[in-house]
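A.B. asks: Next up is a structure, given as structure tokens.
The values are calculated or read from the model by the stated rules, or taken from the named source; none is laboratory data. Worth saying up front: this structure is predicted, and the values here are computed from it rather than measured. A quick note on method: Cβ atoms are made from the backbone with ideal geometry, for glycine too, and the neighbour counts reach across all protein chains shown.
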């Protein structure tokens, strides 16, 4: 039996959905200790899955079994977290299942090979890199020759984006806030958003890149949480992230603004509705969020700097 425990991840922003330099996508984000995914896999003559997200686990398993001509697997999803809320459960589950199957059958395969097989990482490389080694991640996007259209990962067949930078994330408290989601973005709706709003104006991409290169990244390396938080706040009104924030329900935008007032910085993870924040006073932050009837859950965690564990 093989057990795989994965991190979750915050996707801070896509960088370039203009493509003027011949590449698209690119992104920044970081891995989280919790919530986590725990999957157990055993060899079997047939295919079965039990637990949370079992149907999605089966879909990933079928691709792996077909790719390596394997007979079957018994999969148990012992611990999971919600889909389509901004924490990357689809990539983590798919890679956990694929890794578990390969270990159970003594097959040596890289995480990136498995990501290609299960169809993950076609837009953002953050989830794949978070599984590989955790930490803060900057990925380099895709050549327009490989990916000529603006598409979300769910509709892209491109290979996982190359890892440009990986750095241990500081030991800062990270608060996660899950508002009551009145709007969830996935599937065809997500594709339509990319087609409607892209390409992003080049001046927005340039401004975002400037903030990342000359504010956010140095603050990360110097462990300056105040400057890092200021950069996170600035990112929310730039590039494609501005679109993602604009498309949230009014209460989610209101909660984001409140989180920014109570923290060094706060942002929307991916298409949300999960908000991440770096609170100044954790107790005060938790109390304020838990007092709201439109917040489903709020919790504190820290970054994961190791990636997935395979036992």
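A.B. asks: Quick check: anything in segment 249-261 under 20 Å from residue 15 (Cβ atoms) and in contact with a helix residue (DSSP H, G or I) (Cβ under 6 Å, 6 or more places away or on another chain)? Talk me through it step by step, then tell me what you get.
C.D. replies: Here is the first cut: in segment 249-261, the residues under 20 Å from residue 15 (Cβ atoms) are none.
No: zero hits.
A.B. asks: Could you list, ordered by first residue, the pairs with Cβ atoms under 9 Å in which the first is in segment 299-310 and more than 12 Å from residue 166 (Cα to Cα) and the second is modelled with pLDDT under 95, at least 6 apart or interchain?
C.D. replies: Close Cβ pairs satisfying both conditions: none exist.
A.B. asks: Then there is this: Looking at residue 156 and the list (1) crowded, with 21+ Cβ neighbours inside 10 Å; (2) at pLDDT 85 or above; (3) out of contact with any helix residue (DSSP H, G or I) (no Cβ under 6 Å at 6 or more places or on another chain), which single condition is not satisfied?
C.D. replies: Unmet condition: (2).
A.B. asks: Of the conditions (1) under 21 Å from residue 279 (Cα atoms); (2) crowded, with 17+ Cβ neighbours inside 10 Å, residue 171 clears all except one; give me its number.
C.D. replies: Single failed check for residue 171: (2).
A.B. asks: Same structure, new question: Enumerate the helices (runs of 4 or more DSSP H) found wholly within segment 195-311, keeping only those where 2 or more residues are under 30 Å from residue 96 (Cα atoms) and touching a strand residue (DSSP E or B) at 6+ places or on another chain (Cβ under 8 Å).
C.D. replies: Details: elements: 202-211, 217-222, 225-235, 239-246, 250-261, 282-290.
Result: 217-222, 239-246.
A.B. asks: Tally time: how many residues in segment 113-135 are in a loop (DSSP other than H, G, I, E, B) and modelled with pLDDT of 95 or more?
C.D. replies: Within segment 113-135, the first condition is being in a loop (DSSP other than H, G, I, E, B), and the residues that meet it are 119-125, 134-135.
Filter once more, keeping what is modelled with pLDDT of 95 or more: 134-135.
Residues that pass the stated criteria total 2.
A.B. asks: If you don't mind, another one. Right, residue 25: touching a helix residue (DSSP H, G or I) at 6+ places or on another chain (Cβ under 6 Å) and either under 22 Å from residue 129 (Cα atoms) or touching a residue at least 60 places away in the same chain (Cβ under 8 Å) (or both) or not? Walk me through it before giving the result.
C.D. replies: Details: touching a helix residue (DSSP H, G or I) at 6+ places or on another chain (Cβ under 6 Å): no; either under 22 Å from residue 129 (Cα atoms) or touching a residue at least 60 places away in the same chain (Cβ under 8 Å) (or both): yes.
No, not satisfied.
A.B. asks: Applying the selection to segment 59-81, what residues are within 26 Å of residue 270 (Cβ to Cβ) and touching a helix residue (DSSP H, G or I) at 6+ places or on another chain (Cβ under 7 Å)? Steps first, please.
C.D. replies: Keep residues of segment 59-81 that are within 26 Å of residue 270 (Cβ to Cβ), which gives 59-64, 75, 77-81.
60, 61, 63, 64, 75, 77, 80, 81 - these are the residues of segment 59-81 that are within 26 Å of residue 270 (Cβ to Cβ) and touching a helix residue (DSSP H, G or I) at 6+ places or on another chain (Cβ under 7 Å).
A.B. asks: Now a separate question. State which residue pairs qualify: first residue in the same structural domain as residue 8 (by TED's automatic domain parsing) and part of a loop (DSSP other than H, G, I, E, B) and inside segment 67-88, second residue surrounded by fewer than 18 Cβ atoms within 10 Å (Cβ to Cβ) and at pLDDT 95 or above in any location, beta carbons under 6 Å apart, and separation of 6 or more residues or different chains.
C.D. replies: Close Cβ pairs (under 6 Å, with a partner that is surrounded by fewer than 18 Cβ atoms within 10 Å (Cβ to Cβ) and at pLDDT 95 or above) amount to 70/105; 71/45; 72/44; 72/45; 72/46; 72/47.
A.B. asks: Just a yes or no: is a residue in segment 196-218 within 24 Å of residue 262 (Cβ to Cβ) and surrounded by fewer than 18 Cβ atoms within 10 Å (Cβ to Cβ)?
C.D. replies: No, every residue in segment 196-218 fails to be within 24 Å of residue 262 (Cβ to Cβ) and surrounded by fewer than 18 Cβ atoms within 10 Å (Cβ to Cβ).
A.B. asks: If residue 294 satisfies all but one of (1) over 30 Å from residue 193 (Cα atoms); (2) touching a helix residue (DSSP H, G or I) at 6+ places or on another chain (Cβ under 7 Å); (3) surrounded by fewer than 18 Cβ atoms within 10 Å (Cβ to Cβ), what's the number of the condition it fails?
C.D. replies: For residue 294, the exception is condition (1).
A.B. asks: Filter segment 2-42 down to residues that are at positive phi and assigned to a loop (DSSP other than H, G, I, E, B), then give me how many there are.
C.D. replies: Count: 2.
A.B. asks: Also: Just for segment 40-58: of the residues that are under 17 Å from residue 119 (Cα atoms) and free of Cβ contacts under 8 Å to residues at least 24 places away in the same chain, which one is surrounded by the most Cβ atoms within 10 Å (Cβ to Cβ)?
C.D. replies: Selected residue: 58.
A.B. asks: Taking the stated definitions as given, is residue 45 farther than 22 Å from residue 181 by Cα, over 18 Å from the mean Cα position of the chain (by Cα) and assigned to a helix (DSSP H, G or I)?
C.D. replies: The answer is no for residue 45.
A.B. asks: Would a scan of segment 176-187 turn up a residue that is assigned to a helix (DSSP H, G or I) and either in contact with a strand residue (DSSP E or B) (Cβ under 9 Å, 6 or more places away or on another chain) or closer than 17 Å to residue 86 by Cα (or both)? Give the derivation first.
C.D. replies: Step one: list which residues in segment 176-187 are assigned to a helix (DSSP H, G or I), which gives 187.
In the following step, the residues that additionally are either in contact with a strand residue (DSSP E or B) (Cβ under 9 Å, 6 or more places away or on another chain) or closer than 17 Å to residue 86 by Cα (or both) were identified as 187.
Yes, the conditions are met somewhere in segment 176-187.
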